[in-house]
Amino acid sequence: MLWQALLRPIFFSLPAETAHYVSMGAFSGLCRYSPAGWLTSQICQSAPDPRLKNHVFGLDFPNPVGLAAGFDKDARWFDVLARLGFGHIEVGTLTGEPQLGNDKPRLFRLPLDRALLNRMGFNNGGSLGAVGRLKSLTRRSVVGVNIGKTKLVELENADGDYLKSFSVLFGLADYFTVNVSSPNTPGLRQLQNRDRLTALLQALQLRNQELAAQSKIVPRPILLKIAPDLNRDEVDDVLAICQDSKLAGIVAANTTIARTGLQTDAAQVERLGAGGISGAPLTNRALRLVSHIYRQTRGELPIIGVGGIMSGEDAWNMICAGASLVQVYTGFIYGGPLFASSLNRKISASLQRLGLDSIRNAIGSRSVSNATTEPWWV
Ligand SMILES: Cc1cc2nc3c(=O)[nH]c(=O)nc-3n(C[C@H](O)[C@H](O)[C@H](O)COP(=O)(O)O)c2cc1C
């Protein structure tokens, strides 16, 4: 209530990127220097529901709701975000070299659509720059690290850039996500093509084995994050490559370059320029994509479902479509600090209503009845 009635209107009166830094600066300051941090944890994490726990790709998750990549690119706010009830937080995208990203303004709200449009372009301090912060985490949530390609590195040399970040951050991440799907780095999505993707994933898995043997720990789970604009054949190709490369899972999906079905005036959207759309316009697209992946892989490849989860019902639908875990970004911006705990409460209530004693029994339970030949990519 406080968020919707008072704080959101204040933050939404600022340019979107400024609001991001002002709100997180204020919140992390509040948590560090006052009892507010303790109080936040009490409100957001009270009585965790054991039915929400799950063991996915070798890791224990206290609940299925995570924070998607892009919110905390440089792992600056991990510990305060972990107080908000997220079971995992994916930091990044981190690139091999530090970079400023695209010119501002590069992040816009589309309130009529409960959406965002961004062309941030992987602004981040580089993988090496995040090492110190990742080392000092209290690790109250599972730590995912999302890695991408430095803009100035040629596509032919992309593997080396990903390998650099992977090697530098190995041991600091519980899992890695390989991002080949951002629309805001020129050419990046071409890495989703069969040959390039196979080479990249095999190189990463080889390095994974080498580093694990050297440091006497188990190899890290590696996931791939894909675009919601791939068509069925392209997704099926990617899935075959994921399985051949023994990936731990898939993150579906990133923002979309489509501009269909928006309520916001088309000319206004056009004026905002290039970028990926996130939030409510993605809900159905991501749901159908996840449903397809689950059916195509017979539930054998764990899926993190992300895209347009704006309510507890959306999160529940995503799990029933086949997602073992879900992530949110835009829903959190519109829904406020209690968003993760409200999603978890709704998932618990749905389990209770159906008499299910574990979230595992819900995953994919509706993927067959959701089955539709309707394409998600148009
Ligand atoms: C401002 C912004 C920045 C983002 N940055 C990244 C990023 O650096 N890496 C990434 O993999 N995804 C990034 N994303 C995509 C989100 O992680 C997520 O896949 C997408 O927004 C769909 O989820 P949502 O509808 O809940 O926002 C970004 C999204 C937004 C809105």
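The values are calculated or read from the model by the stated rules, or taken from the named source; none is laboratory data. Note that the coordinates shown come from a computational prediction; the quantities given were computed from them, not determined experimentally. Quick reminder, even Gly has a Cβ in these numbers, built from the backbone with ideal geometry, and neighbours come from all protein chains shown. Surface areas here come from the heavy atoms of the whole protein model, side chains and all, with no ligands, DNA or RNA. Shrake-Rupley method; radii C 1.70, N 1.55, O 1.52, S 1.80 Å.
Residues that are in contact with a Gly (Cβ under 7 Å, 6 or more places away or on another chain) and either within 14 Å of I303 (Cα to Cα) or away from the ligand (no atom under 11 Å from the Cβ) (or both) within the range 249-269 comprise A252, A253, N254, I257, listed in sequence order. Looking only at residues in the range 211-236 that are more than 18 Å from the chain's Cα centre (by Cα), without any contact (Cβ under 8 Å) to a residue 60 or more places away in the chain and under 28 Å from S167 (Cβ atoms), the one that is least open to solvent (accessible area, probe 1.4 Å) is A212. Among the residues of the range 73-131, the one identified as of a type in the set (F, W, Y) and near the ligand (Cβ under 9 Å from one of its atoms) is F122. Residues that are surrounded by fewer than 20 Cβ atoms within 10 Å (Cβ to Cβ) and part of a loop (DSSP other than H, G, I, E, B) within the range 122-166 comprise N123, G125, G126, S136, L137, T138, R139, R140, K151, L152, V153, E154, listed in sequence order. The set of residues in the range 1-36 being more than 16 Å from the ligand (Cβ to nearest atom), under 15 Å from R83 (Cβ atoms) and surrounded by 11 or more Cβ atoms within 10 Å (Cβ to Cβ) consists of A26, F27, S28, G29, L30, C31, R32, A36. Residue pairs whose Cβ atoms lie under 6 Å apart, sitting 6 or more positions apart in sequence or on different chains, and linking a residue in the range 16-36 that is of a type in the set (G, A, S) to a partner that is open to solvent by less than 40 Å² (accessible area, probe 1.4 Å) and away from the ligand (no atom under 16 Å from the Cβ), are S28/V80. Of the residues examined, R271 is not one that is open to solvent by 50 Å² or more (accessible area, probe 1.4 Å), closer than 28 Å to L59 by Cα and either under 16 Å from the mean Cα position of the chain (by Cα) or without any contact (Cβ under 8 Å) to a residue 12 or more places away in the chain (or both). If the condition is being away from the ligand (no atom under 12 Å from the Cβ) and either farther than 15 Å from N254 by Cβ or touching an Asp or Glu at 6+ places or on another chain (Cβ under 7 Å) (or both), then the range 270-297 contributes E270, R271, L272, G273, R288, S291, H292, Y294, R295, Q296, T297. Considering only residues in the range 303-313 that are buried (at least 24 other Cβ atoms within 10 Å of the Cβ) and more than 9 Å from the ligand (Cβ to nearest atom), the one that is nearest to A248 (Cα to Cα) turns out to be I303.
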